[in-house]
Amino acid sequence: MKTNARVVVVGGGMMGASLLYHLALEGCSDTLLIEKSELTSGSTWHAAGQCPSITGSYNLAKIHAYSNELYPTLEALTGQYVSWHPCGGLRLANNQHELDWLKRVYGYSKSIGFRMEIVGLDEIKRLNPFLTTDHVIAAAWTRDDGHGDPSGLCNALAKAARDLGATVIRHNRVIDIRPRRNGEWDVVTEKGSIVAEMVVNAAGCYARQVAAMVGADAPITNMQHHYVVTHPIPAFMERSEEIPVMRDSYTSGYLRQEQKSGLMGIYESAGLHEAWTPRGFPEWESSNELFPDDLDRIAPWLERAIERMPIFGEVGIRRVINGAIPHTPDGAPLLGPASGLRNFWMCCGTSFGIAQGGGCGKYLAQWMLHGDAEINMAEFDPRRFGAFADTAYVRDKVFQDYRLTFTTRRPGEEEMAGRPKKMSPLHDRLQAQGCVHTETFGWERPKWFSLDGRAEDHGYERNNVFDVVRDEVAAVHERVGVLDLTGFAKFDISGAGAEAYLDRVCANHVPRKVGGIALVHLLSTGGRIQGEMTITRLDDDKFYALSAAAAELRDQDLLTQSVSPDEALRIENVTEERGVLVVSGPRSRELLSRLTDADLGNGAFPWLRGREIRIAGQPVRALRVSYVGELGWELHPPMASLPALYDAIWEAGRKYGIANYGLYAVNTMRIEKGYKAWSTELTNELNMLEADMPRFIPFDKPDFVGKAATLDRAPRPLKIVYAEVAATDTDARGGEPVLARDRCIGVTTSGAYGHRVEKSLAFACVEPEFAVPGSRFDVLIQGERRGATVLGAPAFDPDNSRMRG
Ligand SMILES: Cc1cc2nc3c(=O)[nH]c(=O)nc-3n(C[C@H](O)[C@H](O)[C@H](O)COP(=O)(O)OP(=O)(O)OC[C@H]3O[C@@H](n4cnc5c(N)ncnc54)[C@H](O)[C@@H]3O)c2cc1C
């Protein structure tokens, strides 16, 4: 056995095998995949093998699309039988909400490039003459998907990898993984140790146990899942063509033809079972394990499945499979670095690992070998979960996710499983005032305030919260608003070497003067955007860095792992030590001045300055910054001081008509200001020039991480633009295709209605020739083409006079 390898992959299921192949395709075959039993002997072998094109996430849809492109080619490439059935898929819509969701996904199909049509009952009947269509109003017909033999696909990927020089070792368990002083790993196996530069956890249902070997966690719960296969069906015997795979919320499952039999898989929404209860994970000896059938558990949905396909009920059940699937709390895979570790990667947590395996392997291999993937990986990064994702939280969320597998979720819908987990000390106060919270990185954060008890009528169109948000915006624009943004990630960076270090790792200059504030970006060596932070210089050798709540662990890794041994500085994560209260609006200065002796006038406290002052007797770091484009301060007190500070501000603010506001209002106001957001516009797909952020690149700075790649003059395929959209009752939200005549030239990244400017606005990533101000194109919003014009300046207050006021 090899004793050294650049990459060791632990686990030979669909995920591990695909990664091995794509590492080789990307140029690295000094790799070793170690499987404790046979390849596919975990979850993969018993999967039903379906590979849908349709999923609710734009980036995940790219992963699915790539798999569906790859799998039909594998048999010719390797000679391995994969039994690919290109029968397509039919996703049934049983009501208008489901149809609206299909229209949104139809938009994805245009920009990603998979074939999808929305079809009516006649076409559904033509594609599957055996289907009863009660409740059905339409369906998505996707032609690039199908199903394959999971074992065949996995073995083909492993063979393709071996053909390119990779090594696969079976019947050898990894029993420990130990860090070496030089950053490499000792991978200890039953047959000896291997020194590896990088290790990947592709251990499926064992991912949590393998992560524990290095002191990490993989937030997954393994669920039992059934499908049944019927006896052969006479009607199928007479046909040469195969019916598409059907997916249906009424059945909460999938239905298809399996050779000449029927196959029905059920996501039951009652009586769910974790696998291997009570401990939740398999014994190491487990291999090709199935659980006893429990048809009673799935019977109500099975009956509905037979209602849909009566011919399935005419013959008996021949085989029942009840196997284990790993699930994460949000249903997306874990792809990327493990938090706090160098060179330890996750490639696990997928509940649709056959459909996703191909794409997951491709994009993770790019990230591992080149520093960036070509698609936005933020929603797959394992560091989106932290210590808050404990066993109970993960289990609650996973049960919810499993139950909702075939339910289409409407925009903004809040699901409460596992919540609340992390709360600001203001949580109950705000809730008592009608706050509707949303969850980010475990934090409960204000989304909007229901002052009259209304509940949001969720949907794609402007809804009954539109007016509420307009009023919150008006309060901020005309008077003063207050917002609890305690979830911000916060770092104290101090020491003699702090300035030089920050100057090296951030693209923009860090503030030269004490009290200065700068917006900075952290880039990969390839120049792509990794992080965005606001840095305040509190003292000669003390800086305060703030970033998105969801980026806390990523940014902590970015910061701590960038320190060189000769740099003298300290980085402390103070996220949970300080609260954040944002006070914004033209009356904010008058209001705060009543509570402080500090001079808040423009001379003493100008825009983009930060100071430690007292407000209402509480010590705060006060930063004069605004993400909403109005005069205002962000106040960062010690966490325990937050309630007293809020109460004093609220009390003093009554005179000025103070109002609470939430993240819906923030989003519309930041788009009016043309502020791009990390993870939607500012992503690992783009460099700073492609993101149209040249203002934050100091071209004269001798060096910073990613400088050479940023300044590389190679033609840039895409650019972020800011546009006004001629929307009617539905605004862009991101993921909508951008069309020039019949050609797709890009995709929106986010959008909203701007109440102050009374315009519908969007950011989009388009071909550079459409990036010039005044360029026109269409945005396909929920199936309707809407004209859009590229703007050359922020729609609201382009010269920042309100913030400087
Ligand atoms: C009934 C059923 C139907 C399904 N149908 C579908 C479907 O139609 N479409 C779809 O996309 N998905 C489906 N799935 C889900 C799919 O099977 C999984 O998402 C996928 O197989 C996960 O692949 P994996 O590589 O992550 O895990 P696995 O296939 O479990 O591979 C992990 C491997 O790691 C090995 N391993 C673990 N620890 C060690 C160690 N310490 N040392 C060495 N080796 C180790 C294990 O032996 C195992 O082989 C279904 C699942 C079930 C149960």
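The values are calculated or read from the model by the stated rules, or taken from the named source; none is laboratory data. Nothing here was measured: the structure is a model prediction, and the numbers come from that model. Quick reminder, even Gly has a Cβ in these numbers, built from the backbone with ideal geometry, and neighbours come from all protein chains shown. Areas reflect the complete protein model, heavy atoms only, side chains present, ligands, DNA and RNA absent. Shrake-Rupley method; radii C 1.70, N 1.55, O 1.52, S 1.80 Å.
With respect to (1) open to solvent by less than 30 Å² (accessible area, probe 1.4 Å); (2) touching a Cys at 6+ places or on another chain (Cβ under 8 Å), the lone exception for K110 is condition (1).
Would you pick out the residues in region 517-562 that are in a loop (DSSP other than H, G, I, E, B) and aliphatic (A, V, I, L, M)? Once the filter is applied, which keeps residues that are in a loop (DSSP other than H, G, I, E, B) and aliphatic (A, V, I, L, M), region 517-562 yields only A548. Whether a residue is under 28 Å from Y363 (Cα atoms), open to solvent by less than 30 Å² (accessible area, probe 1.4 Å), touching a Leu at 6+ places or on another chain (Cβ under 9 Å) and charged (D, E, K, R) was assessed, and E672 does not pass this test. For region 626-643, a residue qualifies if it is assigned to a helix (DSSP H, G or I) and crowded, with 24+ Cβ neighbours inside 10 Å, and exactly one does: L642. Among the residues of region 300-315, are any of a type in the set (A, V, I, L, M, F, W, C), within 16 Å of the ligand (Cβ to nearest atom) and either in contact with a His (Cβ under 8 Å, 6 or more places away or on another chain) or under 30 Å from V705 (Cβ atoms) (or both)? No: zero hits. Consider region 316-331 and keep the residues that are closer than 18 Å to T230 by Cβ and open to solvent by 20 Å² or more (accessible area, probe 1.4 Å). The one that is farthest from the ligand (Cβ to nearest atom) is G316.
Annotation note: Cβ proximity below 8 Å between a residue of region 506-519 that is under 14 Å from M688 (Cβ atoms) and a residue that is in a strand (DSSP E or B) and of a type outside the set (A, V, I, L, M, F, W, C) (sequence gap 6+ or interchain) occurs for C506/H521; A507/H521; N508/H521; L519/E532; L519/T534.
Number of residues in region 426-473 that are on the phi > 0 side of the Ramachandran plot and more than 24 Å from the chain's Cα centre (by Cα) equals 2.
Restricting attention to region 204-223, the residues that are among the small types (G, A, S), within 11 Å of the ligand (Cβ to nearest atom) and open to solvent by 40 Å² or more (accessible area, probe 1.4 Å) add up to 1. Within region 179-192, restricting attention to residues that are closer than 12 Å to V7 by Cα and open to solvent by less than 20 Å² (accessible area, probe 1.4 Å), the residue that is nearest to the ligand (Cβ to nearest atom) is V187. If you go through region 722-745 and pick out every residue that is under 16 Å from L791 (Cα atoms) and either in a strand (DSSP E or B) or modelled with pLDDT under 95 (or both), you end up with 5.
A count restricted to region 731-763 and to residues that are among the acidic types (D, E) and over 17 Å from G783 (Cβ atoms) stands at 1.
On inspection, S151 fails the criterion of being away from the ligand (no atom under 13 Å from the Cβ), modelled with pLDDT of 95 or more and either in contact with a strand residue (DSSP E or B) (Cβ under 8 Å, 6 or more places away or on another chain) or under 21 Å from E285 (Cβ atoms) (or both). For region 224-240, check the following and say yes or no: at least one residue is farther than 17 Å from H46 by Cα and within 15 Å of the ligand (Cβ to nearest atom). Looking through region 224-240, none of the residues is farther than 17 Å from H46 by Cα and within 15 Å of the ligand (Cβ to nearest atom).
Just give me the residues in region 729-745 being in contact with a Phe, Trp or Tyr (Cβ under 8 Å, 6 or more places away or on another chain), open to solvent by less than 10 Å² (accessible area, probe 1.4 Å) and over 19 Å from L60 (Cβ atoms), in sequence order. V738, I745, listed by residue number. Among the residues of region 762-803, those identified as in a loop (DSSP other than H, G, I, E, B), among the polar types (S, T, N, Q) and over 21 Å from K103 (Cβ atoms) are S775, N800. All conditions but one from (1) more than 25 Å from A93 (Cβ to Cβ); (2) of a type outside the set (D, E); (3) open to solvent by 20 Å² or more (accessible area, probe 1.4 Å); (4) in contact (Cβ under 8 Å) with a residue 40 or more places away in the chain apply to T405; the one that does not is (1). Inside region 612-625, can you point out the residues that are under 14 Å from A545 (Cα atoms), assigned to a strand (DSSP E or B) and not small (G, A, S)? Answer for region 612-625, where residues must be under 14 Å from A545 (Cα atoms), assigned to a strand (DSSP E or B) and not small (G, A, S): R621, L623.
Of the residues in region 71-78, none is away from the ligand (no atom under 15 Å from the Cβ), under 30 Å from H458 (Cβ atoms) and aliphatic (A, V, I, L, M).
Of the residues in region 193-203, none is on the phi > 0 side of the Ramachandran plot and either modelled with pLDDT of 95 or more or within 13 Å of the ligand (Cβ to nearest atom) (or both). Among the residues making up region 24-56, those that are away from the ligand (no atom under 15 Å from the Cβ) and either under 21 Å from L74 (Cα atoms) or open to solvent by less than 20 Å² (accessible area, probe 1.4 Å) (or both) are A24, L25, E26, G27, C28, S29. If I filter region 48-66 for residues that are part of a helix (DSSP H, G or I), of a type outside the set (A, V, I, L, M) and under 20 Å from V168 (Cβ atoms), do I get at least one hit? No, that holds for no residue. Of all the residues in region 333-367, those that are open to solvent by less than 10 Å² (accessible area, probe 1.4 Å), over 19 Å from V210 (Cα atoms) and aliphatic (A, V, I, L, M) number 2.
You will find that of A489, A455, the residue that is open to solvent by 10 Å² or more (accessible area, probe 1.4 Å) and hydrophobic (A, V, I, L, M, F, W, C) is A455 and no other.
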